[in-house]
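Peer 1: Take a look at this one; I'll ask things after.
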Ligand code: FES
């Protein structure tokens, strides 16, 4: 699964959005329907954005506040040289 190790950061305008939760979208952070085409078993995270501003959107799949980044990506082995990936 091509999740990323860092959040997507950028401005998002007010509105209702479907954010990619499977990691396969070619239009991240937004869903492009790849979860259906690739039968990932995941569905997008639907979220109403109430304020136009910059956001950090989780691209690692580990945030507890999806679609927003909560910093969990910092614990990934790829971002933490002190952690050895489990096998
Ligand atoms: S990118 Fe997933 S918690 Fe930050």
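The values are calculated or read from the model by the stated rules, or taken from the named source; none is laboratory data. What you are looking at is a predicted structure, and each value in this text was computed from that prediction instead of being measured. As a convention, Cβ positions derive from the backbone with ideal geometry for all residues, glycine included, and neighbour counts pool all protein chains shown.
Peer 1: Output the number of the condition that residue 65 fails; it satisfies all remaining conditions of (1) modelled with pLDDT under 95; (2) within 12 Å of the ligand (Cβ to nearest atom).
Peer 2: Of everything listed in (1) modelled with pLDDT under 95; (2) within 12 Å of the ligand (Cβ to nearest atom), residue 65 misses just condition (1).
Peer 1: On to the next question. Pairs needed: first member in segment 1-22, free of Cβ contacts under 8 Å to residues at least 40 places away in the same chain; second member anywhere, more than 16 Å from the ligand (Cβ to nearest atom) and part of a strand (DSSP E or B); C-beta distance under 6 Å; at least 6 residues apart or different chains.
Peer 2: Once the first residue is free of Cβ contacts under 8 Å to residues at least 40 places away in the same chain and sits in segment 1-22, its partners that are more than 16 Å from the ligand (Cβ to nearest atom) and part of a strand (DSSP E or B) give 14/49; 15/49; 16/48; 18/46.
Peer 1: Next up: Take residue 60 and decide whether it is at pLDDT below 95 and more than 10 Å from the ligand (Cβ to nearest atom). Give the derivation first.
Peer 2: Details: at pLDDT below 95: yes; more than 10 Å from the ligand (Cβ to nearest atom): no.
In short, no.
Residue-by-condition table, conditions (1) within 13 Å of the chain's Cα centre (by Cα); (2) more than 16 Å from the ligand (Cβ to nearest atom):
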{"residue": "8", "(1), (2)": "yes, no"}
{"residue": "16", "(1), (2)": "no, yes"}
{"residue": "23", "(1), (2)": "yes, no"}
{"residue": "27", "(1), (2)": "yes, yes"}
